[in-house]
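Got a structure for you, questions after.
Every read-out reported here was derived from the displayed coordinates using simple, explicitly stated rules and does not represent laboratory data. All of these numbers come straight from a predicted model, not from anything done at the bench. Ideal geometry is used to build each Cβ from the backbone, glycine not excepted, and the neighbour counts take in all protein chains shown.
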Amino acid sequence: MSEASAPIINFAGELVALGPLCRDHLALYLRWINDFGTTRMLGVPSGPMTLEQETAWYERAAVDEGRHSFTIYERTTGRAIGNCGLHEVDLANRRALVGIMIGEPDARGRGYGTEAMRLLLDYVFTVLGMHSVMLSVHEYNEAGRRCYAKVGFREIGRRRQSRWFSGRFWDEISMDILASEFESPVLSRMLAPEPSRS
């Protein structure tokens, strides 16, 4: 991959790297959000998304200071495999909601989502100084629930039988994590002040 075509990376772990949203990836983002196998795990409507709708989402997300959105890249290939980010940032109470989507089916089940969420939390706690982060996950999304538990999220409540899927109602599970329960894997070292030379 040439330097000109290499994605912009903000920071990286061992398996994945996070970089800003990219207009050049709009067709890719559109393909992911139109994959019903992917969106069934998200809290978004399972309906067709047009290029115009996806472009409008990108235009809002790219300038909204209350959202911090990243593209997830596979380290070994540099290909974009998903998105993650935070929204509903409440600075007064130092809290936010987070979400993640691994859009490429062959990138699931390989630890990428877990590391991407860990990196996202590193940004939220280490860079932004948030105190509390929350997410929602559907009861049937077992892979997502395992991922969030590995990172340190704890279940804090359920909205019972609130999601109709595959012929029955399922619970929506709320999970959260506090800054005191998280250890920075990357950014605390990357952003540490240089030692004094005096």
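What's the local net charge at residue 30, with K and R +1, D and E -1, over the other residues with C-beta under 11 Å away?
Its environment carries a net charge of -2.
Where does the charge balance sit around residue 115 when Lys and Arg score +1, Asp and Glu -1, over other residues with C-beta under 12 Å from its C-beta?
Once positives and negatives cancel, what remains is +1.
For the chain, set up a Gaussian network in which alpha carbons nearer than 10 Å are linked by springs, and say which option among 92, 27, 12 fluctuates the most.
Largest GNM mean-square fluctuation: 92.
If one computes the Cα centroid of the stretch 182-198 and of the stretch 60-125, what distance in Å separates the two points?
Their Cα centres are 22 Å away from one another.
Could you give the Stokes-Einstein D for the stretch 11-185 in µm² per second, using the C-alpha Kirkwood radius, 20 °C, 1.002 mPa s?
129
On to the next question. Can you tell me the dipole magnitude for the stretch 11-185 around its Cα centre, using point charges on the Cβ only (Lys, Arg +1; Asp, Glu -1), in Debye to the nearest 20?
460
Then there's this: Can you compute the modelled spin-label distance between residue 34 and residue 94, with each label point 7 Å from Cα toward Cβ, in nm?
Modelled inter-label distance: 4.4 nm.
Please give me the summed charge of the neighbours of residue 97: other residues whose Cβ is under 15 Å from its Cβ, Lys and Arg +1, Asp and Glu -1.
-1
Taking 0.36 nm per residue of separation and subtracting the Cα-Cα distance, what length does fully extending residue 160 through residue 127 add?
Full-extension gain reported as 8.4 nm.
Further question on the same structure: Can you compute the modelled spin-label distance between residue 140 and residue 61, with each label point 7 Å from Cα toward Cβ, in nm?
Output for this residue pair reads 2.4 nm.
Then there is this: How big is the antiparallel share of DSSP beta bridges in the stretch 11-185, given as a percent to the nearest 5?
DSSP beta bridges in the stretch 11-185 are roughly 90 percent antiparallel.
For residue 52 and residue 179, FRET efficiency with R0 = 41 Å and r from the beta-carbon atoms, rounded to 0.05?
After rounding, the FRET efficiency stands at 0.55.
What distance in nm separates the two pseudo spin-label positions at residue 6 and residue 190, each 7 Å out from Cα along the beta-carbon direction?
Each label point is offset 7 Å from its Cα along the Cβ direction, giving 1.4 nm.
I would also like to ask the following. Give me, ordered by chain and number, the residues 5 or more places off residue 171 or on other chains with an amide H under 5 Å from its own placed amide H.
Here 139, 161, 162 satisfy the definition.
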